[in-house]
Amino acid sequence: MESIKRPSTITLGHDLAFLYLNLGYITDGELSQEEIEKIVEKVEEWYQPTQTQEMAITIKESVDWAKSCGDKPGAEIEECAKRLKANLSEENLKAVLGDMAAIINADGKVVDGEVKFFAVIAKVFGIDLN
């Protein structure tokens, strides 16, 4: 098995893009055009308008990272969610969940795997969905 290709320095943007890409793909085995556009839009919201090139590089590195995990990204996703929890305020963690909800709804189909993924991340974040 190939080794996991993590970015040399994992930034907030990497963690967000990695989480969102996995939400869009592993839950139903496909990444629709609508999901891709929504992922880019949501990652872009976390960047300053002058950081477009940096954001594009971050997304590409995150795609490579996600691909290198194959069909077993669970441990990487968990570490990513833990880093986000450690580095973001509760308000920003709720914003991440809001981004995830938008990605889930982007293609007009909500599948059980997406709902479960969302609930697991909310639990890691310590945010009660009830």
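Every read-out reported here was derived from the displayed coordinates using simple, explicitly stated rules and does not represent laboratory data. As the structure is a prediction and not an experimental result, all values here were calculated from the model. Here the Cβ is made from the backbone with ideal geometry for all residues, glycine too, and neighbour counts use every protein chain on show.
Observations
- Yes/no for residue 13 being surrounded by fewer than 18 Cβ atoms within 10 Å (Cβ to Cβ) and out of contact with any strand residue (DSSP E or B) (no Cβ under 7 Å at 6 or more places or on another chain): no
- Residue match in region 20-41 (condition: touching a Gly at 6+ places or on another chain (Cβ under 8 Å), within 18 Å of residue 5 (Cβ to Cβ) and part of a helix (DSSP H, G or I)): yes
- Some residue of region 10-26 being closer than 26 Å to residue 109 by Cα and over 13 Å from the mean Cα position of the chain (by Cα): no
- The set of residues in region 64-82 that are at negative phi and surrounded by fewer than 17 Cβ atoms within 10 Å (Cβ to Cβ) comprises 64, 67, 68, 71, 72, 74, 75, 78, 79, 82.
- Unique match (being of a type in the set (A, V, I, L, M, F, W, C), touching a Lys or Arg at 6+ places or on another chain (Cβ under 8 Å), under 22 Å from residue 118 (Cα atoms) and touching a residue at least 24 places away in the same chain (Cβ under 8 Å)) among 23, 16: 16
- Number of positions in region 49-73 that are closer than 15 Å to residue 16 by Cα and either in contact with a Cys (Cβ under 9 Å, 6 or more places away or on another chain) or not β-branched (Val, Ile, Thr) (or both): 10
- Among helices (runs of 4 or more DSSP H) entirely within region 45-125, having at least 3 residues that are over 14 Å from the mean Cα position of the chain (by Cα) and of a type outside the set (Gly, Ala, Ser) singles out 52-68, 90-105, 112-125.
- Candidates in region 84-130 are the residues that are acidic (Asp, Glu) and surrounded by 14 or more Cβ atoms within 10 Å (Cβ to Cβ); of these, the one that is nearest to residue 47 (Cα to Cα) is 99.
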